[in-house]
Amino acid sequence: MSESITTNNPAPVGGMLKEDALKGKTIIITGGGTGLGKSMGTYFLKLGANLVITSRKLDVLKQTASEMESETGGKVLALACDVRKYDEVENMLKQAIAVFGRVDVLLNNAAGNFISPTERLSANAFSAIIDIVLKGSANCSLALGKYWISEKIPGNILNIVTTYAFTGSAYVVPSACAKGGVLAMTRSLAVEWGRHGIRTNAIAPGPFPTKGAWERLLPGDMAKKFDFKNRVPLKRVGEHQELANLAAFLVSDFSGYINGEVITIDGGEWLQGAGQFNGLEMIPAEMWDNIEKATRSA
Ligand code: HXC
Ligand code: NAP
């Protein structure tokens with residue numbers, strides 16, 4: 001079990017599942033060459049999985065695959081695949097099956113995003129995000145679902161969404177629409193494909209620093225001015241291993257009865273934004289005596 005985590009200065013958290021928890025499973029991670037996909041994939045390998053990492057940039061994937069293999073001793077197949085193109089997805093799946101014999105898990109992790117007032121977006125900019133996130137996740141789910149159903153394999157889909165998939169968010173409207181669509185797809189397929197033994201779940205992460213997200217969502221000195229950890233009740237951002245632990249559980253057989261669920265891992269961030277009086281944390285402790293007198297005399 002991992003070490004305990006203190007609020008402001010978390011101890012490095014370790015792996016949660018027992019060794020070999022994913023042994024024999026082949027897992028495809030879209031967008032697996034960078035950021036959170038890379039961190040989750042590295043942990044899956046440590047747990048005995050075979051890994052297929054895909055994205056548009058083959059050079060990045062190859063570099064990541066070789067780092068992952070030397071760190072874990074596992075086997076990684078790096079395949080270029082633009083999730084917006086169904087023929088490339090089908091071809092990627094064929095190559096994965098040719099190398100590993102079968103595929104058990106799809107982790108829809110690839111995404112595109114940037115902040116912008118919506119009225120400044122071109123129609124093409126809006127579509128660019130929808131195409132990667134919603135259409136890309138649909139393309140991969142469709143290809144894998146057809147394969148699993150025809151081969152009678154009890155597959156498993158895990159979708160990475162965000163908390164604004166259910167709250168919505170200003171300034172990232174195409175991403176919010178797309179992630180909301182992926183969440184609807186998660187719940188829909190969980191029911192429709194459940195009878196084939198295929199489980200479909202989602203994770204809604206709060207802020208987990210990555211180069212890809214931070215450069216597009218908090219460029220320049222915005223990272224200082226709009227420090228995500230101030231929005232989180234636990235006063236810190238997430239650690240990649242914390243997300244990897246949750247993802248590994250959801251793609252493992254230990255979560256075999258969880259289907260159609262979205263699990264939030266955000267330190268309480270979205271709820272802090274939602275509660276009407278949550279901002280009262282700004283009130284210093286010594287003011288509460290006076291406030292109590294005032295409310296009692298009302
Ligand atoms: C306004 C922009 C823009 C910007 C691009 N566009 N960037 N418009 N502001 N900052 C416009 C372009 O002008 C073009 O429209 C259209 O969008 C498509 O741009 P391309 O560069 O041709 O698209 P493409 O090569 O497909 O690149 C997609 C991308 C890029 C999303 C724009 O950033 C990318 O490849 N991202 C992948 C990685 C990523 O985004 N990671 C972050 C995920 S973080 P016109 O009309 O000119 O043709 C995340 C976190 C969520 O999802 C929650 C965090 C807490
Ligand atoms: P990231 O490193 O930028 O990851 C995004 C990946 O998607 C990249 O590897 C990119 O690779 C790939 N990708 C983009 N367009 C693609 C396409 N058309 N086809 C195939 N792959 C494509 O960012 P991240 O922070 O790790 O994000 C990973 C996931 O977590 C995303 O779903 C994101 O929305 C979600 N998320 C992140 C946070 C956070 O705080 N970081 C919070 C909530 C949710 P190429 O450029 O090589 O294609």
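Bear in mind these aren't lab numbers, they're just calculated from the coordinates by the rules spelled out. Source: prediction; values computed, not measured. Quick reminder, even Gly has a Cβ in these numbers, built from the backbone with ideal geometry, and neighbours come from all protein chains shown.
Annotation for the stretch 144-206: trypsin sites (Lys or Arg not before Pro) lying in DSSP loop with at most 15 further Cβ atoms inside 10 Å of their Cβ are Lys152. Computed about its Cα centre, the charge dipole of the chain is approximately 520 debye, with only Lys, Arg, Asp and Glu carrying charge at their Cβ. Between the beta carbons of Lys75 and Ser297, assuming R0 = 51 Å, the FRET efficiency works out to 0.10 to the nearest 0.05. Extension gain, Glu215 to Phe126: 0.36 nm times the residue separation minus the Cα-Cα distance gives 30.2 nm. The distance from the alpha carbon centre of the stretch 103-132 to that of the stretch 180-204 is 20 Å, rounded to a whole number.
Residues of the stretch 156-187 falling in the label zone of Glu281, defined by backbone nitrogen less than 18 Å from a point 7 Å along Cα to beta-carbon, are 163-164. Taken over the stretch 78-149, the percentage of Cα pairs per 5 Å bin, counting from 0 up to the bin with the maximum distance, is 3, 16, 24, 21, 13, 9, 7, 4, 2, 0. Taking the dipole about the Cα centre of the stretch 1-130, with the C-beta of Lys and Arg at +1 and of Asp and Glu at -1, give me whichever of Leu58, Asn91, Ala78 is farthest to the positive side. It is Asn91.
Scoring 160-166, 102-108 by mean Cβ neighbours within 10 Å over their residues and listing the highest first yields 102-108, 160-166. On a per residue basis, the convex hull of the C-alpha atoms belonging to the chain measures out at 169 Å³.
Length gained on full extension, Arg102 to Thr118, computed as 0.36 nm times the residue gap minus the Cα-Cα distance: 1.5 nm. Loop sites here are GluC sites (Glu not before Pro) outside DSSP states H, G, I, E and B with no more than 12 other Cβ atoms within 10 Å. The longest part of the chain free of them is 20-285. Normalised by the number of residues in the chain, the average gap of Cα pairs under 8 Å and 6 or more apart makes the relative contact order 18 percent. In this entry, the stretch 164-298 is assigned a mean projected area of 12.1 nm², taken as a quarter of its C-alpha convex hull surface.
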